[in-house]
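The values are calculated or read from the model by the stated rules, or taken from the named source; none is laboratory data. Treat the numbers as computed from the prediction; the structure is a model and nothing was measured. Counting neighbours? That spans all protein chains shown, and the Cβs are built from the backbone with ideal geometry, glycine included.
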Amino acid sequence: MSNDVSFKRAEYTAVLDRWATVRDVCAGQHRVVDRLPYINTHDNSPENVDRNKAYRERAVFKNATGHTRNGLLGLAFHKDPTLTVPKKLEYLQDNANGSGVSIYQHSQGTLEKVLEAGRHGLYVDYHQDNGVGGHSVILSYCAEDIINWRTGMVNGHSMLTLVVLRESPEIPDGFGYKTAEQYRELALEDDGFVCRVWRRSGPKGGGPLAVIEEFRPEGVTGRLKEIPFTFVGAQNNDPSIDESPLYDIAMINLGHYRNSADYEDSVFWCGQAQPWISGLDEQWRDWMEKNGVYVGSRAPMMLPAGGAFGYAQPAPNTLVKEAMNDKNQMMIELGARMVVASLAAKTATESRGDQSASTSVLAGCVANVSEAYTRAIMWCCAYMGIADKKVAYQVNQEFVELTADPQMITALVGLWQQGGFAKADLRAYLRKQGLIAPERTDLQIDGELQEQGDGLGLDDEDKPNGGKPSNP
(Lines give C-alpha, C1' and ligand atoms only; values in the text may rest on other atoms or scores of the structure.)
Protein backbone atom coordinates (compact mmCIF):
# COMPACT_ATOMS: atom_id res chain seq x y z
CA MET A 1 0.00 0.00 0.00
CA SER A 2 1.42 3.37 -1.06
CA ASN A 3 0.84 6.40 1.19
CA ASP A 4 2.98 8.67 -0.97
CA VAL A 5 0.80 11.40 -2.51
CA SER A 6 3.53 12.02 -5.12
CA PHE A 7 3.00 8.51 -6.58
CA LYS A 8 2.86 8.59 -10.40
CA ARG A 9 0.85 6.12 -12.46
CA ALA A 10 2.80 3.89 -14.85
CA GLU A 11 0.88 5.05 -17.93
CA TYR A 12 1.66 8.64 -16.96
CA THR A 13 5.43 8.13 -16.77
CA ALA A 14 5.38 6.13 -20.03
CA VAL A 15 4.23 9.12 -22.11
CA LEU A 16 6.23 11.93 -20.50
CA ASP A 17 8.97 11.76 -23.16
CA ARG A 18 6.41 11.98 -25.98
CA TRP A 19 4.76 15.01 -24.41
CA ALA A 20 8.14 16.68 -23.92
CA THR A 21 9.04 16.04 -27.57
CA VAL A 22 5.92 17.72 -28.93
CA ARG A 23 6.14 20.64 -26.49
CA ASP A 24 9.80 21.25 -27.42
CA VAL A 25 9.19 21.07 -31.17
CA CYS A 26 6.25 23.48 -30.94
CA ALA A 27 8.33 25.89 -28.82
CA GLY A 28 10.99 26.32 -31.50
CA GLN A 29 14.66 25.82 -32.33
CA HIS A 30 16.02 26.88 -28.95
CA ARG A 31 14.26 23.91 -27.35
CA VAL A 32 15.28 21.26 -29.90
CA VAL A 33 18.89 22.17 -30.64
CA ASP A 34 20.11 19.70 -28.02
CA ARG A 35 18.23 16.91 -29.81
CA LEU A 36 20.73 17.00 -32.69
CA PRO A 37 23.26 14.13 -32.65
CA TYR A 38 26.77 14.80 -31.34
CA ILE A 39 29.44 14.19 -34.00
CA ASN A 40 32.31 11.90 -32.95
CA THR A 41 31.14 11.36 -29.39
CA HIS A 42 34.47 9.68 -28.50
CA ASP A 43 36.42 12.83 -29.42
CA ASN A 44 36.58 15.29 -26.51
CA SER A 45 39.12 17.60 -28.10
CA PRO A 46 38.45 21.38 -28.26
CA GLU A 47 38.37 21.12 -32.05
CA ASN A 48 35.53 18.59 -31.99
CA VAL A 49 33.65 20.61 -29.40
CA ASP A 50 33.90 23.68 -31.65
CA ARG A 51 32.80 21.66 -34.67
CA ASN A 52 29.69 20.40 -32.87
CA LYS A 53 28.86 23.92 -31.72
CA ALA A 54 29.09 25.18 -35.29
CA TYR A 55 27.13 22.14 -36.51
CA ARG A 56 24.22 23.15 -34.27
CA GLU A 57 24.40 26.85 -35.07
CA ARG A 58 24.27 26.28 -38.83
CA ALA A 59 21.22 23.98 -38.69
CA VAL A 60 17.92 25.59 -39.75
CA PHE A 61 14.76 24.51 -37.94
CA LYS A 62 11.51 24.83 -39.89
CA ASN A 63 8.78 24.70 -37.27
CA ALA A 64 6.02 23.07 -39.30
CA THR A 65 4.56 21.52 -36.12
CA GLY A 66 4.17 24.86 -34.33
CA HIS A 67 2.71 26.48 -37.45
CA THR A 68 0.25 23.61 -37.81
CA ARG A 69 -0.85 24.01 -34.19
CA ASN A 70 -1.29 27.76 -34.61
CA GLY A 71 -3.17 27.26 -37.87
CA LEU A 72 -5.57 24.79 -36.26
CA LEU A 73 -6.14 27.21 -33.36
CA GLY A 74 -6.87 29.95 -35.87
CA LEU A 75 -9.45 27.77 -37.59
CA ALA A 76 -11.21 26.98 -34.32
CA PHE A 77 -11.21 30.56 -33.00
CA HIS A 78 -11.71 32.58 -36.17
CA LYS A 79 -15.23 32.98 -34.79
CA ASP A 80 -15.79 33.81 -31.14
CA PRO A 81 -17.07 30.94 -28.98
CA THR A 82 -20.61 31.24 -27.62
CA LEU A 83 -21.21 31.34 -23.87
CA THR A 84 -24.68 30.71 -22.42
CA VAL A 85 -24.81 31.27 -18.66
CA PRO A 86 -27.12 32.83 -16.04
CA LYS A 87 -26.43 36.41 -15.00
CA LYS A 88 -24.57 35.32 -11.85
CA LEU A 89 -21.93 33.59 -14.01
CA GLU A 90 -21.45 36.29 -16.62
CA TYR A 91 -18.19 37.21 -14.89
CA LEU A 92 -16.65 34.07 -16.46
CA GLN A 93 -16.67 35.87 -19.78
CA ASP A 94 -13.98 38.29 -18.50
CA ASN A 95 -12.47 36.40 -15.56
CA ALA A 96 -12.75 32.62 -15.71
CA ASN A 97 -9.81 31.64 -13.48
CA GLY A 98 -9.83 34.42 -10.89
CA SER A 99 -6.69 35.98 -12.39
CA GLY A 100 -8.31 38.07 -15.10
CA VAL A 101 -8.14 35.50 -17.92
CA SER A 102 -11.32 35.42 -19.99
CA ILE A 103 -12.99 32.11 -20.76
CA TYR A 104 -12.15 32.76 -24.43
CA GLN A 105 -8.39 32.92 -23.69
CA HIS A 106 -8.74 30.11 -21.14
CA SER A 107 -10.29 27.72 -23.66
CA GLN A 108 -7.81 28.73 -26.36
CA GLY A 109 -4.95 27.70 -24.08
CA THR A 110 -6.73 24.43 -23.29
CA LEU A 111 -7.18 23.55 -26.97
CA GLU A 112 -3.53 24.39 -27.61
CA LYS A 113 -2.42 21.96 -24.89
CA VAL A 114 -4.82 19.25 -26.13
CA LEU A 115 -3.39 19.52 -29.64
CA GLU A 116 0.13 19.18 -28.24
CA ALA A 117 -0.33 16.39 -25.71
CA GLY A 118 -3.83 15.04 -26.35
CA ARG A 119 -4.63 15.63 -22.67
CA HIS A 120 -5.47 18.45 -20.26
CA GLY A 121 -7.50 19.03 -17.11
CA LEU A 122 -10.03 21.54 -15.73
CA TYR A 123 -10.73 21.90 -12.00
CA VAL A 124 -13.52 24.07 -10.58
CA ASP A 125 -12.61 25.76 -7.29
CA TYR A 126 -14.99 27.65 -5.01
CA HIS A 127 -14.12 30.77 -3.02
CA GLN A 128 -16.26 31.97 -0.14
CA ASP A 129 -16.74 35.76 -0.20
CA ASN A 130 -16.61 36.86 3.45
CA GLY A 131 -19.52 34.65 4.39
CA VAL A 132 -21.80 36.28 1.82
CA GLY A 133 -22.21 33.89 -1.08
CA GLY A 134 -19.16 32.94 -3.12
CA HIS A 135 -17.86 32.57 -6.63
CA SER A 136 -16.43 29.70 -8.67
CA VAL A 137 -13.32 29.71 -10.86
CA ILE A 138 -12.07 27.30 -13.51
CA LEU A 139 -8.43 26.30 -13.11
CA SER A 140 -6.33 24.70 -15.83
CA TYR A 141 -3.79 21.87 -15.42
CA CYS A 142 -1.35 20.56 -18.02
CA ALA A 143 -1.07 16.83 -18.68
CA GLU A 144 2.32 16.70 -16.93
CA ASP A 145 0.74 18.00 -13.71
CA ILE A 146 -1.99 15.32 -13.50
CA ILE A 147 0.17 12.60 -11.95
CA ASN A 148 -2.41 10.21 -10.49
CA TRP A 149 -6.11 9.36 -10.72
CA ARG A 150 -8.53 6.63 -9.79
CA THR A 151 -12.13 5.77 -10.67
CA GLY A 152 -14.77 3.78 -8.85
CA MET A 153 -18.44 2.81 -8.97
CA VAL A 154 -20.69 5.30 -7.16
CA ASN A 155 -24.44 4.62 -7.25
CA GLY A 156 -23.98 2.47 -10.33
CA HIS A 157 -21.88 5.03 -12.20
CA SER A 158 -18.15 5.08 -12.86
CA MET A 159 -16.81 8.29 -11.35
CA LEU A 160 -13.49 9.84 -10.41
CA THR A 161 -12.70 9.06 -6.78
CA LEU A 162 -9.16 10.47 -6.70
CA VAL A 163 -7.10 12.98 -8.66
CA VAL A 164 -3.64 14.22 -7.65
CA LEU A 165 -2.36 17.43 -9.19
CA ARG A 166 1.24 18.63 -9.02
CA GLU A 167 1.68 22.34 -8.35
CA SER A 168 4.70 24.65 -8.08
CA PRO A 169 3.70 27.72 -6.07
CA GLU A 170 6.14 30.59 -5.72
CA ILE A 171 7.13 31.47 -2.14
CA PRO A 172 8.51 35.02 -1.61
CA ASP A 173 12.19 35.09 -0.65
CA GLY A 174 13.23 38.70 -0.22
CA PHE A 175 13.14 40.27 -3.67
CA GLY A 176 13.26 36.82 -5.24
CA TYR A 177 11.24 33.69 -4.79
CA LYS A 178 11.55 29.96 -4.22
CA THR A 179 9.48 27.24 -5.83
CA ALA A 180 7.82 24.78 -3.48
CA GLU A 181 6.94 21.16 -4.20
CA GLN A 182 3.20 20.85 -3.65
CA TYR A 183 0.45 18.36 -4.46
CA ARG A 184 -3.31 18.92 -4.47
CA GLU A 185 -5.37 15.84 -3.63
CA LEU A 186 -8.95 15.81 -4.88
CA ALA A 187 -10.84 12.95 -3.23
CA LEU A 188 -14.42 11.72 -3.14
CA GLU A 189 -15.34 10.48 0.33
CA ASP A 190 -18.59 9.21 1.81
CA ASP A 191 -19.73 12.71 2.82
CA GLY A 192 -18.68 14.38 -0.43
CA PHE A 193 -15.76 16.08 -2.14
CA VAL A 194 -12.65 17.05 -0.17
CA CYS A 195 -9.46 18.85 -1.24
CA ARG A 196 -6.12 18.50 0.56
CA VAL A 197 -2.89 20.36 -0.11
CA TRP A 198 0.35 18.47 0.59
CA ARG A 199 3.76 20.11 0.97
CA ARG A 200 7.14 19.05 2.30
CA SER A 201 7.73 20.07 5.89
CA GLY A 202 10.89 21.51 7.41
CA PRO A 203 12.54 24.93 7.15
CA LYS A 204 13.98 24.19 3.69
CA GLY A 205 11.23 21.90 2.45
CA GLY A 206 13.35 18.79 2.84
CA GLY A 207 11.05 16.86 5.15
CA PRO A 208 8.29 14.38 4.34
CA LEU A 209 5.11 15.43 2.56
CA ALA A 210 2.34 16.44 4.94
CA VAL A 211 -1.11 18.00 4.67
CA ILE A 212 -0.91 21.76 5.25
CA GLU A 213 -4.50 22.64 4.26
CA GLU A 214 -7.77 20.78 3.93
CA PHE A 215 -10.90 22.13 2.26
CA ARG A 216 -14.41 20.76 2.32
CA PRO A 217 -16.05 23.38 0.14
CA GLU A 218 -19.72 23.91 0.75
CA GLY A 219 -21.61 25.82 -1.86
CA VAL A 220 -25.10 27.22 -1.50
CA THR A 221 -26.57 23.73 -1.82
CA GLY A 222 -23.94 22.00 0.33
CA ARG A 223 -21.09 19.58 -0.48
CA LEU A 224 -20.58 18.29 -4.01
CA LYS A 225 -21.10 14.55 -4.45
CA GLU A 226 -18.47 14.33 -7.20
CA ILE A 227 -14.98 15.66 -7.87
CA PRO A 228 -15.30 18.90 -9.89
CA PHE A 229 -12.51 17.90 -12.25
CA THR A 230 -12.70 16.81 -15.87
CA PHE A 231 -10.09 15.53 -18.26
CA VAL A 232 -9.95 17.01 -21.76
CA GLY A 233 -8.66 14.58 -24.37
CA ALA A 234 -8.10 14.32 -28.10
CA GLN A 235 -10.48 11.36 -28.53
CA ASN A 236 -12.74 11.71 -25.47
CA ASN A 237 -12.79 13.14 -21.96
CA ASP A 238 -12.36 9.93 -19.97
CA PRO A 239 -9.31 9.36 -17.70
CA SER A 240 -7.41 7.25 -20.26
CA ILE A 241 -4.46 8.94 -21.97
CA ASP A 242 -5.10 9.80 -25.62
CA GLU A 243 -2.45 10.03 -28.32
CA SER A 244 -1.02 13.44 -29.12
CA PRO A 245 -2.51 14.76 -32.41
CA LEU A 246 0.78 16.48 -33.31
CA TYR A 247 3.22 13.74 -32.25
CA ASP A 248 3.72 12.22 -35.72
CA ILE A 249 4.36 15.61 -37.30
CA ALA A 250 6.76 16.51 -34.48
CA MET A 251 8.86 13.37 -35.03
CA ILE A 252 9.11 14.02 -38.77
CA ASN A 253 9.89 17.66 -38.00
CA LEU A 254 12.83 16.54 -35.86
CA GLY A 255 14.06 14.28 -38.66
CA HIS A 256 13.84 17.23 -41.07
CA TYR A 257 15.89 19.31 -38.60
CA ARG A 258 18.63 16.65 -38.41
CA ASN A 259 18.75 16.46 -42.21
CA SER A 260 19.04 20.25 -42.29
CA ALA A 261 22.01 20.12 -39.90
CA ASP A 262 23.77 17.57 -42.14
CA TYR A 263 22.96 19.57 -45.27
CA GLU A 264 24.22 22.89 -43.88
CA ASP A 265 27.34 21.14 -42.59
CA SER A 266 28.09 19.74 -46.06
CA VAL A 267 27.45 23.16 -47.63
CA PHE A 268 29.94 24.72 -45.25
CA TRP A 269 32.67 22.16 -45.84
CA CYS A 270 32.17 21.56 -49.58
CA GLY A 271 30.03 24.42 -50.82
CA GLN A 272 32.83 26.73 -51.96
CA ALA A 273 34.89 26.03 -55.08
CA GLN A 274 38.51 24.97 -54.38
CA PRO A 275 41.18 26.52 -56.69
CA TRP A 276 44.03 24.29 -57.83
CA ILE A 277 47.31 24.71 -59.79
CA SER A 278 49.33 22.01 -61.53
CA GLY A 279 52.59 21.84 -63.50
CA LEU A 280 54.73 23.84 -61.01
CA ASP A 281 58.31 22.99 -60.13
CA GLU A 282 59.78 23.81 -56.73
CA GLN A 283 61.10 27.19 -57.89
CA TRP A 284 57.73 28.32 -59.17
CA ARG A 285 56.03 26.96 -56.05
CA ASP A 286 58.36 28.82 -53.72
CA TRP A 287 58.02 32.06 -55.73
CA MET A 288 54.21 31.93 -55.67
CA GLU A 289 54.13 31.14 -51.95
CA LYS A 290 56.46 34.09 -51.28
CA ASN A 291 54.66 36.66 -53.44
CA GLY A 292 51.13 35.34 -53.02
CA VAL A 293 48.50 34.61 -55.64
CA TYR A 294 45.58 36.85 -56.62
CA VAL A 295 42.56 35.10 -58.06
CA GLY A 296 40.10 37.03 -60.20
CA SER A 297 39.26 38.25 -63.69
CA ARG A 298 41.65 41.26 -63.40
CA ALA A 299 44.57 39.32 -61.93
CA PRO A 300 46.23 37.29 -64.67
CA MET A 301 48.09 34.29 -63.29
CA MET A 302 51.61 33.72 -64.60
CA LEU A 303 52.33 29.99 -64.93
CA PRO A 304 55.23 28.03 -66.42
CA ALA A 305 54.94 26.10 -69.63
CA GLY A 306 52.60 23.18 -69.08
CA GLY A 307 51.09 24.76 -65.98
CA ALA A 308 47.31 24.81 -65.44
CA PHE A 309 44.87 26.50 -63.10
CA GLY A 310 41.27 25.59 -62.34
CA TYR A 311 38.50 25.15 -59.75
CA ALA A 312 37.33 21.93 -58.16
CA GLN A 313 33.57 22.22 -57.85
CA PRO A 314 31.92 19.56 -55.65
CA ALA A 315 28.83 17.75 -56.88
CA PRO A 316 25.63 18.85 -55.09
CA ASN A 317 24.67 16.81 -52.01
CA THR A 318 21.31 15.67 -53.35
CA LEU A 319 20.85 12.76 -50.94
CA VAL A 320 20.28 14.90 -47.83
CA LYS A 321 18.24 17.42 -49.83
CA GLU A 322 15.97 14.66 -51.10
CA ALA A 323 15.52 13.38 -47.55
CA MET A 324 14.46 16.88 -46.46
CA ASN A 325 12.00 17.16 -49.33
CA ASP A 326 10.51 13.76 -48.52
CA LYS A 327 9.96 14.72 -44.89
CA ASN A 328 8.53 18.05 -45.92
CA GLN A 329 5.98 16.25 -48.07
CA MET A 330 5.17 13.87 -45.24
CA MET A 331 4.47 16.81 -42.92
CA ILE A 332 2.19 18.29 -45.56
CA GLU A 333 0.27 15.06 -45.82
CA LEU A 334 -0.06 14.84 -42.03
CA GLY A 335 -1.63 18.30 -41.80
CA ALA A 336 1.10 20.94 -41.92
CA ARG A 337 -1.38 23.44 -43.33
CA MET A 338 0.93 26.40 -43.49
CA VAL A 339 3.35 24.52 -45.74
CA VAL A 340 0.59 23.44 -48.12
CA ALA A 341 -0.67 26.99 -48.55
CA SER A 342 2.79 28.18 -49.59
CA LEU A 343 3.41 25.46 -52.18
CA ALA A 344 0.44 25.46 -54.51
CA ALA A 345 -2.77 27.29 -55.21
CA LYS A 346 -5.88 25.15 -55.10
CA THR A 347 -9.46 25.57 -56.15
CA ALA A 348 -12.08 26.32 -53.51
CA THR A 349 -13.49 22.80 -53.82
CA GLU A 350 -10.04 21.21 -53.38
CA SER A 351 -9.30 23.43 -50.39
CA ARG A 352 -12.58 22.50 -48.72
CA GLY A 353 -11.85 18.80 -49.23
CA ASP A 354 -8.32 19.07 -47.84
CA GLN A 355 -9.49 21.06 -44.81
CA SER A 356 -12.30 18.64 -44.04
CA ALA A 357 -9.89 15.70 -44.10
CA SER A 358 -7.17 17.30 -42.01
CA THR A 359 -9.39 18.99 -39.44
CA SER A 360 -11.33 15.92 -38.44
CA VAL A 361 -8.98 15.51 -35.47
CA LEU A 362 -9.43 19.20 -34.72
CA ALA A 363 -13.20 18.76 -34.76
CA GLY A 364 -12.94 16.06 -32.09
CA CYS A 365 -10.62 18.16 -29.93
CA VAL A 366 -12.89 21.21 -30.21
CA ALA A 367 -15.97 19.18 -29.29
CA ASN A 368 -14.17 17.77 -26.23
CA VAL A 369 -13.06 21.24 -25.12
CA SER A 370 -16.60 22.59 -25.48
CA GLU A 371 -18.03 19.66 -23.51
CA ALA A 372 -15.44 20.04 -20.74
CA TYR A 373 -16.13 23.75 -20.26
CA THR A 374 -19.87 23.17 -20.29
CA ARG A 375 -19.42 20.59 -17.56
CA ALA A 376 -17.19 22.94 -15.57
CA ILE A 377 -19.80 25.70 -15.78
CA MET A 378 -22.42 23.28 -14.45
CA TRP A 379 -20.19 22.69 -11.39
CA CYS A 380 -20.01 26.47 -10.99
CA CYS A 381 -23.81 26.47 -10.96
CA ALA A 382 -23.89 23.70 -8.37
CA TYR A 383 -21.53 25.59 -6.05
CA MET A 384 -23.43 28.88 -6.37
CA GLY A 385 -26.90 27.38 -6.07
CA ILE A 386 -28.00 28.27 -9.60
CA ALA A 387 -30.92 26.07 -10.59
CA ASP A 388 -30.91 27.09 -14.26
CA LYS A 389 -29.02 24.29 -15.97
CA LYS A 390 -29.31 25.78 -19.46
CA VAL A 391 -25.62 26.53 -19.66
CA ALA A 392 -23.25 25.88 -22.54
CA TYR A 393 -19.89 26.87 -23.96
CA GLN A 394 -19.37 26.15 -27.63
CA VAL A 395 -16.18 26.64 -29.62
CA ASN A 396 -16.73 27.09 -33.35
CA GLN A 397 -16.62 23.90 -35.42
CA GLU A 398 -17.22 25.44 -38.86
CA PHE A 399 -13.59 25.52 -39.93
CA VAL A 400 -14.21 26.21 -43.62
CA GLU A 401 -15.65 29.58 -44.54
CA LEU A 402 -18.61 29.17 -46.86
CA THR A 403 -18.64 31.36 -49.97
CA ALA A 404 -21.72 33.03 -51.35
CA ASP A 405 -22.45 31.44 -54.75
CA PRO A 406 -24.56 33.90 -56.84
CA GLN A 407 -26.01 31.09 -58.96
CA MET A 408 -27.04 29.15 -55.86
CA ILE A 409 -28.68 32.22 -54.32
CA THR A 410 -30.57 32.93 -57.56
CA ALA A 411 -31.82 29.35 -57.68
CA LEU A 412 -32.91 29.49 -54.03
CA VAL A 413 -34.80 32.75 -54.57
CA GLY A 414 -36.53 31.17 -57.57
CA LEU A 415 -37.56 28.15 -55.49
CA TRP A 416 -38.88 30.42 -52.75
CA GLN A 417 -40.90 32.47 -55.23
CA GLN A 418 -42.38 29.27 -56.64
CA GLY A 419 -43.28 28.02 -53.18
CA GLY A 420 -40.50 25.41 -53.12
CA PHE A 421 -39.55 26.22 -49.51
CA ALA A 422 -40.12 28.85 -46.85
CA LYS A 423 -38.62 32.31 -46.88
CA ALA A 424 -37.17 31.62 -43.41
CA ASP A 425 -35.04 28.83 -44.91
CA LEU A 426 -33.67 31.22 -47.53
CA ARG A 427 -32.77 33.75 -44.89
CA ALA A 428 -31.16 31.05 -42.76
CA TYR A 429 -28.93 30.17 -45.70
CA LEU A 430 -28.04 33.85 -46.23
CA ARG A 431 -27.18 34.19 -42.55
CA LYS A 432 -24.86 31.21 -42.82
CA GLN A 433 -23.19 32.85 -45.81
CA GLY A 434 -22.71 36.04 -43.79
CA LEU A 435 -24.93 38.10 -46.11
CA ILE A 436 -27.44 38.73 -43.29
CA ALA A 437 -26.27 39.60 -39.78
CA PRO A 438 -27.02 36.66 -37.43
CA GLU A 439 -28.69 38.92 -34.85
CA ARG A 440 -31.27 40.28 -37.33
CA THR A 441 -34.58 38.42 -36.98
CA ASP A 442 -37.08 37.79 -39.77
CA LEU A 443 -39.55 40.10 -37.98
CA GLN A 444 -37.04 42.96 -38.02
CA ILE A 445 -36.25 42.43 -41.70
CA ASP A 446 -39.93 42.29 -42.70
CA GLY A 447 -40.63 45.45 -40.67
CA GLU A 448 -37.86 47.33 -42.46
CA LEU A 449 -39.06 46.09 -45.84
CA GLN A 450 -42.57 47.28 -44.92
CA GLU A 451 -41.24 50.74 -44.07
CA GLN A 452 -39.29 50.86 -47.33
CA GLY A 453 -42.46 49.98 -49.24
CA ASP A 454 -44.40 52.74 -47.52
CA GLY A 455 -41.66 55.24 -48.30
CA LEU A 456 -41.69 54.27 -51.99
CA GLY A 457 -45.46 54.49 -52.23
CA LEU A 458 -45.95 50.84 -53.19
CA ASP A 459 -49.37 49.24 -53.31
CA ASP A 460 -50.12 46.50 -50.79
CA GLU A 461 -49.79 43.78 -53.40
CA ASP A 462 -46.24 44.98 -54.18
CA LYS A 463 -45.22 45.05 -50.51
CA PRO A 464 -43.77 42.06 -48.63
CA ASN A 465 -46.53 39.68 -47.53
CA GLY A 466 -49.08 41.80 -49.35
CA GLY A 467 -48.70 44.64 -46.86
CA LYS A 468 -49.51 42.38 -43.87
CA PRO A 469 -47.08 42.09 -40.96
CA SER A 470 -45.25 38.81 -40.54
CA ASN A 471 -46.12 36.54 -37.65
CA PRO A 472 -43.45 36.61 -34.91
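None of 158, 136, 107 is within 20 Å of residue 230 (Cβ to Cβ), in contact with a Pro (Cβ under 7 Å, 6 or more places away or on another chain) and not aromatic (Phe, Trp, Tyr) except 107. Within region 142-191, being free of Cβ contacts under 8 Å to residues at least 12 places away in the same chain, among the aromatic types (Phe, Trp, Tyr) and touching a strand residue (DSSP E or B) at 6+ places or on another chain (Cβ under 7 Å) holds for one residue alone: 177.
Name the single residue that is farthest from residue 371 (Cα to Cα) among those in region 218-234 being of a type outside the set (A, V, I, L, M) and not in a strand (DSSP E or B).
Going residue by residue through region 218-234, those that are of a type outside the set (A, V, I, L, M) are 218-219, 221-223, 225-226, 228-231, 233.
Cutting the leftovers down to not in a strand (DSSP E or B) gives us 221, 225-226, 228.
Details: 221: 24, 225: 20, 226: 17, 228: 14 Å.
Looking at residues that are of a type outside the set (A, V, I, L, M) and not in a strand (DSSP E or B), I get 221.
When you scan region 139-147, do you find a residue that is in contact with a helix residue (DSSP H, G or I) (Cβ under 9 Å, 6 or more places away or on another chain) and assigned to a helix (DSSP H, G or I), even just one? Talk me through it step by step, then tell me what you get.
Step one: of region 139-147, the residues in contact with a helix residue (DSSP H, G or I) (Cβ under 9 Å, 6 or more places away or on another chain) are 140, 142-144, 146-147.
Within this subset, residues satisfying the condition of being assigned to a helix (DSSP H, G or I) are 143-144.
Scanning region 139-147 turns up at least one residue that is in contact with a helix residue (DSSP H, G or I) (Cβ under 9 Å, 6 or more places away or on another chain) and assigned to a helix (DSSP H, G or I).
Please work out if residue 254 is modelled with pLDDT of 90 or more and among the aliphatic types (A, V, I, L, M). The answer is yes for residue 254. Within region 144-170, the set of residues being over 30 Å from the mean Cα position of the chain (by Cα) and aliphatic (A, V, I, L, M) comprises 153, 154.
Filter region 157-213 down to the residues that are among the aromatic types (Phe, Trp, Tyr) and part of a strand (DSSP E or B), then identify the one that is nearest to residue 8 (Cα to Cα).
The selected residue is 183.
Only residues that are touching a Gly at 6+ places or on another chain (Cβ under 8 Å) and either at pLDDT 90 or above or among the acidic types (Asp, Glu) (or both) were counted across region 351-382, and they come to 2. Do the conditions hold for residue 453, that is, is it surrounded by 12 or more Cβ atoms within 10 Å (Cβ to Cβ), at pLDDT below 80, farther than 30 Å from residue 397 by Cβ and more than 49 Å from the chain's Cα centre (by Cα)? Yes, satisfied.
Residues in region 290-317 that are surrounded by 10 or more Cβ atoms within 10 Å (Cβ to Cβ) and outside any loop (DSSP other than H, G, I, E, B): 308, 309, 310, 311.
When 32, 15, 22 are checked against the criterion of being closer than 29 Å to residue 208 by Cα and either in contact with a Pro (Cβ under 6 Å, 6 or more places away or on another chain) or crowded, with 17+ Cβ neighbours inside 10 Å (or both), a single residue qualifies: 15.
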